[in-house]
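The values are calculated or read from the model by the stated rules, or taken from the named source; none is laboratory data. These figures come from a predicted structure and were not determined experimentally. All Cβ positions, even for glycine, are placed from backbone atoms using ideal geometry, and neighbour counts span all protein chains on display.
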Amino acid sequence: MKIGILTSGGDCPGLNAVIRGAVLKGVISHDAEFVGFRWGWKGVVEGDFMPIERHDVRGLSKQGGTILGSSRTNPFEGEGGGPENIQRMLDENGIDAIIAIGGEGTLTAARRLTDAGLKIVGVPKTIDNDLAATDYSFGFDTAVEIATEAIDRLRTTAESHGRCLVVEVMGRHVGWIALHSGMAGGAHAILIPEQPKTIEQICEWVESVRDRGRAPLVVVAEGFHLEDMEGAHSHKGLDAFNRPRLGGIAERLAPMIEERTGIESRDTVLGHIQRGGAPSAYDRVLATRLGMHAVDAVYENAWGSMVTLRGTDIKTVSIAEAVGSLNRVPQARYDEAKILFG
Ligand SMILES: Nc1ncnc2c1ncn2[C@@H]1O[C@H](COP(=O)(O)OP(=O)(O)O)[C@@H](O)[C@H]1O
Ligand SMILES: O=P(O)(O)OC[C@H]1O[C@](O)(COP(=O)(O)O)[C@@H](O)[C@@H]1O
Ligand SMILES: [Mg+2]
């Protein structure tokens, strides 16, 4: 069998480990051949792909980014877009199936294409950990490690000056990175999209920390909004899929905190540093296993399914189930963390 692999949407540490896991499992257990589509669905629509041999994936699990490139191309648009054109391209090149590694956008596209008869298996990718049908997604652990290290470092400089530090992490719809890095780093307040708060509440936490003689540290997810804001802060226009580009809520909150509490405040936006570089050991293992099981799903003709982590096992679920809802931080997890605020 000849299998095409693609990586699509925002990148994530561990993408290369998925590719390596899939290729090694396919070559060793099934005598499969592989090609990689360049730049996500763009390579599928344009018939732009390259062979991936076993030697191409040597040492790849520790490498950040994706050797295939990623984009936000819509596979239903453009001259070569849509299921009929894509199937023709696959037939002409003897490609039997596609493994699509991506988040809810990529997987929604994959589901629509499988509904039209294409043979696709999905692998969940999200740094935000916002896909409901998998317990964890690779990349998340690495992002939490990076954010935690940053928080540890920011605490020492904050303490030296008696300042309040507001640290912004990723998290468009859900606050998992903020919750985990904030708990790990001993944050005095964690602000997430699922839990809008008032500036008065935030300042109450900040002042209580100052009153104990400590430098307050606030972790905020980019998708957080104050109760009186319409939605997440965005001042950078739209992304390639016409969604508001987030980032900058920390820059808004720090002066508001300083003005109300009189505590000198600074902000740091971690941004894409959370998505760059080598994946953690946990993410390498998870990504490798997901890649291996995706190949098994191809050989089981499990079209329209996605591999998923359930407890410590890798299972398959339908993509439709996977993209149906978001993995939000439950109220109980937030309440647990909140005991430590202020
Ligand atoms: N409903 C959809 N139908 C077809 N293509 C989609 C759909 N949603 C997203 N896509 C495509 O998948 C790409 C990747 O989605 P995006 O949300 O940006 O990343 P991710 O896969 O990481 O969630 C989008 O740019 C878009 O072209
Ligand atoms: O800068 P980009 O590539 O547009 O992506 C930014 C967005 O991607 C994210 O990292 C989401 O990533 P995931 O798709 O991996 O969940 C958000 O936190 C952020 O808003
Ligand atoms: Mg998405």
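Is it the case that some residue within region 184-191 is within 27 Å of residue 286 (Cα to Cα) and within 13 Å of ligand 1 (Cβ to nearest atom)? Looking for residues that are within 27 Å of residue 286 (Cα to Cα) and within 13 Å of ligand 1 (Cβ to nearest atom), one finds none in region 184-191, hence no. Scanning region 148-171 for any residue that is within 12 Å of ligand 2 (Cβ to nearest atom), modelled with pLDDT of 95 or more and under 10 Å from the mean Cα position of the chain (by Cα) turns up at least one such residue.
If only residues of region 72-108 that are assigned to a helix (DSSP H, G or I) and in contact with a strand residue (DSSP E or B) (Cβ under 8 Å, 6 or more places away or on another chain) are counted, the one that is farthest from residue 7 (Cα to Cα) is 90. The set of residues from region 277-301 being out of contact with any Gly (no Cβ under 6 Å at 6 or more places or on another chain), crowded, with 17+ Cβ neighbours inside 10 Å and outside any helix (DSSP H, G or I) comprises just one member, 280. Residue-level check: of (1) buried (at least 24 other Cβ atoms within 10 Å of the Cβ); (2) more than 17 Å from residue 66 (Cα to Cα); (3) of a type in the set (Ser, Thr, Tyr), residue 136 misses just (1). Criterion applied to 185, 171, 175 was being free of Cβ contacts under 8 Å to residues at least 40 places away in the same chain and touching an Asp or Glu at 6+ places or on another chain (Cβ under 8 Å), and the one residue passing it is 185.
For every residue, the table says whether it meets (1) touching a helix residue (DSSP H, G or I) at 6+ places or on another chain (Cβ under 7 Å); (2) at pLDDT 95 or above.
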residue: 37; (1), (2): yes, yes
residue: 44; (1), (2): yes, yes
residue: 54; (1), (2): yes, yes
residue: 69; (1), (2): no, yes
residue: 72; (1), (2): no, no
residue: 81; (1), (2): yes, yes
residue: 87; (1), (2): no, yes
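Condition check: more than 28 Å from residue 219 (Cβ to Cβ) and of a type in the set (S, T, N, Q). Does residue 242 satisfy that? Taking the combined requirement at face value, the residue satisfies it. Annotation: of all residues in region 209-265 being among the polar types (S, T, N, Q) and within 16 Å of ligand 3 (Cβ to nearest atom), the one that is surrounded by the most Cβ atoms within 10 Å (Cβ to Cβ) is 234. Taken over region 46-64, the criterion of being within 24 Å of the chain's Cα centre (by Cα) and crowded, with 17+ Cβ neighbours inside 10 Å is satisfied by 57, 60, 61, 63, 64.
Within region 259-285, the residues that satisfy the criterion of being over 26 Å from the mean Cα position of the chain (by Cα) and either within 16 Å of ligand 1 (Cβ to nearest atom) or without any contact (Cβ under 8 Å) to a residue 60 or more places away in the chain (or both) are 259, 262. For the criterion of being part of a helix (DSSP H, G or I), within 14 Å of ligand 2 (Cβ to nearest atom) and out of contact with any Pro (no Cβ under 8 Å at 6 or more places or on another chain), residue 114 fails. Filtered by the rule that a residue be of a type outside the set (Ser, Thr, Tyr) and within 14 Å of ligand 1 (Cβ to nearest atom), region 3-12 gives 6, 9, 10, 11, 12. Residue-level check: of (1) more than 17 Å from residue 221 (Cβ to Cβ); (2) assigned by TED's automatic domain parsing to the domain that holds residue 264; (3) among the basic types (Lys, Arg), residue 119 misses just (2). Of all residues in region 168-191, those satisfying the criterion of being outside any strand (DSSP E or B) and within 21 Å of residue 125 (Cβ to Cβ) are 170, 171, 172, 173, 174, 175, 176, 177, 178, 179, 180, 181.
So is residue 194 farther than 17 Å from residue 291 by Cα, out of contact with any Ser or Thr (no Cβ under 9 Å at 6 or more places or on another chain), of a type in the set (Asp, Glu) and in the same structural domain as residue 245 (by TED's automatic domain parsing) or not? Here the answer is yes, as residue 194 does meet what is asked. If you check 9, 47, 65, 69 for being within 16 Å of ligand 3 (Cβ to nearest atom), on the phi > 0 side of the Ramachandran plot and in contact with a Gly (Cβ under 9 Å, 6 or more places away or on another chain), only one passes: 9. On the stretch given as region 117-133, residues that are in contact (Cβ under 8 Å) with a residue 40 or more places away in the chain and more than 12 Å from ligand 2 (Cβ to nearest atom) total 8.
Pairs linking a residue in region 229-258 that is in the same structural domain as residue 217 (by TED's automatic domain parsing) and at positive phi to a residue that is surrounded by fewer than 19 Cβ atoms within 10 Å (Cβ to Cβ) and not in a loop (DSSP other than H, G, I, E, B), with Cβ atoms under 7 Å and 6 or more positions apart or on different chains, are 247/269; 247/271; 248/269.
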